[in-house]
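**Student:** What follows is a structure written as structure tokens; I'll ask about it next.
Please treat every number below as a calculation from the coordinates, not as lab data. Predicted model, so just to flag it, every value in this text is computed and none were measured. Positions of Cβ are generated from backbone atoms using ideal geometry, with glycine treated the same way; all protein chains shown enter the neighbour counts.
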Amino acid sequence: MKGKLYMLPVNLSEADLQWAIPENVLKQTIGLKVFIVENIRTARRFLKKADRTIDIDQL
């Protein structure tokens, strides 16, 4: 089975994601279900900013 690896930039500032990360990247991020992250707290914050409806506990 072939897979894809997406390397996602994470916004480290408090600015809106729409100004820092392109819309197509945010859309792709919302569709992903498995994440490998360096810092779980930063990743969780980023995902919540990207999509408020996301259930992080289900990832």
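**Student:** Would you mind ranking Ile40, Ile56 so that the residue whose beta carbon has the fewest other beta carbons within 10 Å leads the list?
**Tutor:** Working: Ile40 10, Ile56 13.
So the ranking, lowest neighbour count to highest, is Ile40, Ile56.
**Student:** Given 0.36 nm per residue, what is the gain on full extension from Lys4 to Arg45 after removing their alpha carbon distance, in nm?
**Tutor:** Computed gain between Lys4 and Arg45 is 12.4 nm.
**Student:** Still on this model: Among the trypsin sites (Lys or Arg not before Pro) within the chain, which fall in a DSSP loop and have no more than 12 other Cβ atoms within 10 Å of their own Cβ? Numbers along the way, then the final one.
**Tutor:** Details: sites: Lys2, Lys4, Lys27, Lys33, Arg41, Arg44, Arg45, Lys48, Lys49, Arg52; in loops: Lys2, Lys4, Lys33, Arg52.
Those that pass, being in a loop and sparsely packed, are Lys2, Lys4, Lys33, Arg52.
**Student:** Separate question: Per-residue HN-Hα couplings for the stretch 50-59, Karplus 6.51 cos²θ - 1.76 cosθ + 1.60 at θ = phi - 60°, whole Hz, x for Gly and Pro?
**Tutor:** 5, 8, 5, 8, 5, 9, 4, 5, 8, 7
**Student:** Once Lys and Arg get +1 and Asp and Glu get -1 on their Cβ, which of Trp19, Thr42, Ile30 lies farthest toward the positive end of the dipole of the chain?
**Tutor:** Of the candidates, Ile30 comes out farthest on the positive side.
**Student:** Here are a few candidate values for Cα Rg over 2.2 N^0.38 Å: (1) 1.38; (2) 1.06; (3) 1.10. Which one was actually calculated from the structure I just gave you?
**Tutor:** (3)
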